[in-house]
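**Student:** Please find one structure pasted underneath; my questions will follow.
We did not get these values from a lab; they are worked out from the coordinates using the rules stated. Owing to the predicted nature of the structure, the values given are computational and were not obtained by experimental measurement. Cβ atoms come from the backbone with ideal geometry, glycine included; neighbour counts cover every protein chain shown.
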Amino acid sequence: QNLIKLGYGNPDYIFAMAVRNGEHSAPALFACFALGIPVNTMDPSFQRDDLGHILAIAKPKLVFCDSETLGELAAACELTGVTPKVIVLGDKIAGYTHVEDLLVPTGIEDSFVPVNIETPNKQPAVLVCSSGTTGRSKAVSLSHSICIAHVANFFECHPSDILFAYSSLYWLSGLFTLLAGTLAGATRIITRAPFTVQRTLDIAKRYQLTVISLPPSQAWAIVNDPTATADAFRSLRLPLCGGSVVSASLKRAFETRFPGKVLEIAYGFSEVGYAVTTTREGFYRDGSVGFTRPGVEIKIVDENNCAVGIG
């Protein structure tokens, strides 16, 4: 309602976010969903060149931005000529609207009705940045239907689960942790602090994590740290790993270090907002990314779109 008051409630707009996992990031995202406004998620660690590249594609009317990222965002806006309204998260900065200004009571909260999404399979909800493995990152459009059917069902989530990932909403892992956890009624642990092994172990033990999502670099750091004991991950039922190549040696080292915990490898595909393959306990081949998920078909073609043979 406060965004509407500011004149930013038009579903034809595009917003962007470059924020860490603070307490205000999820409310901002869900406000955009309720208004039917697509959100382009960027990483707060982006420098001006990367921010400018994505801003030039999406041309957002409004950007939710961490205070620490504001300088790079301002420079990116100057480089591209894109001039969005900026809402700051984190420290308050003179001259900028702070996200807490949007949280003041309106007195008419009970009368708010979310926008009716008439064609959820066609209307974009999130514009995610692709991984960049085939060139510079692109803004991949995920519809409301995809966010519900794929992103929020990336893994089996239960109301009793306690989830954690360092990933910001820029990463598919950050997005599916938020959406899957919310739809299942699970608990999501958040931190704006960067990854350290000790911080991860402390969070795992203190909050009795049941699901954790890690990129290979973080998983290796944990495996190689002598302070990482099996007791720290005692409550885990599902350690997920993906985002880049997960070697057989990492999978085996993790499972040796933490007996009874199977490191599940997921191959995420930004264009469909889903893990198209996952490994299965008891069926693993070195270097494999697992089996295709239900409803997924894979075809390998050459540069002329012709099917290639085996091997």
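**Student:** Any chance you could tell me what percent of the C-alpha pair distances in the chain go past 38 Å? List each step's numbers first, then the result.
**Tutor:** Values: 8024 of 48205 pairs.
Tail fraction, whole percent: 17.
**Student:** Based on Cβ point charges of +1 for Lys and Arg and -1 for Asp and Glu, what charge dipole magnitude is obtained for the chain about its Cα centre, in debye rounded to the nearest 20? Display every interim value, and only then the final one.
**Tutor:** Numbers: 25 positive and 28 negative charges, 100 e Å.
Roughly 480 debye, rounded to the nearest 20.
**Student:** If you take the charge dipole of the chain about its Cα centre, with +1 on Lys and Arg Cβ and -1 on Asp and Glu Cβ, which of Leu35, Leu51, Ala307 is farthest toward its positive end?
**Tutor:** Of the listed residues, the answer is Ala307.
**Student:** Would you mind computing Rg(Cα) / (2.2 N^0.38 Å) for region 2-129, counting N as its residues?
**Tutor:** Rounded to two decimals, the normalised Rg is 1.03.
**Student:** Share of Cα-Cα pairs in region 151-292 beyond 21 Å, in percent? Don't skip to the end; give the middle numbers.
**Tutor:** Values: 3740 of 10011 pairs.
Of all Cα-Cα pairs in region 151-292, 37 percent lie more than 21 Å apart.
**Student:** What's the magnitude of the charge dipole for region 151-292 around its Cα centre, counting Lys and Arg as +1 and Asp and Glu as -1 at the beta-carbon? Answer in Debye, nearest 20.
**Tutor:** Details: 13 positive and 10 negative charges, 54 e Å.
So the dipole magnitude of region 151-292 works out to roughly 260 debye.
**Student:** Modelled label-to-label distance, Asp49 and Leu6, 7 Å Cα→beta-carbon offset: nm?
**Tutor:** About 3.1 nm separates the two model spin labels.
**Student:** Another question, then. How many percent of Cα pairs in region 120-194 exceed 17 Å?
**Tutor:** On the way: 1335 of 2775 pairs.
Every Cα pair in region 120-194 considered, those over 17 Å come to 48 percent.
**Student:** Please work out how much length the chain gains when fully extended from Gln123 to Arg237, using 0.36 nm per residue of separation minus the C-alpha to C-alpha distance, in nm with one decimal.
**Tutor:** Values: separation 114, 0.36 × 114 = 41.04 nm, distance 3.51 nm.
Extending this stretch completely gives an extra 37.5 nm.
**Student:** List the relative contact order of the chain as a percent without decimals, with contacts defined as Cα pairs under 8 Å and 6+ residues apart. Display every interim value, and only then the final one.
**Tutor:** Values: 557 pairs, mean separation 39.8, N = 311.
Result for the chain is 13 percent.
**Student:** Something else now. Any idea which of Ser244, Thr200, Ile222 is furthest toward the positive side of the dipole for the chain, if Lys and Arg beta-carbons carry +1 and Asp and Glu beta-carbons -1?
**Tutor:** With unit charges placed on the Cβ atoms, the residue in question is Ile222.
**Student:** Under a point-charge model restricted to the Cβ atoms of Lys and Arg (+1) and Asp and Glu (-1), what is the dipole moment magnitude of region 2-129 relative to its Cα centre, in debye to the nearest 20?
**Tutor:** Numbers: 8 positive and 15 negative charges, 70 e Å.
Here the size comes out at about 340 debye.
**Student:** Looking only at region 151-292, where both bridge partners belong to it, what percent of the DSSP beta bridges are antiparallel (to the nearest 5)? Mind dumping the intermediate values first?
**Tutor:** Numbers: 7 of 19 bridges.
Of the beta bridges lying entirely in region 151-292, close to 35 percent run antiparallel.
**Student:** Grab the DSSP H runs of the chain that are 4 residues or longer, score each as -39,500 (n - 2.57), total them, divide by all residues and round the 222 nm result to the nearest 500 deg cm²/dmol.
**Tutor:** On the way: 9 runs with 85 residues, N = 311.
Value at 222 nm, helices only, nearest 500: -8000 deg cm²/dmol.
**Student:** Report the antiparallel proportion of the DSSP beta bridges in the chain as a percent, rounded to a multiple of 5. Could you put the intermediate results ahead of the total?
**Tutor:** Numbers: 13 of 43 bridges.
Bridges in the chain are about 30 percent antiparallel.
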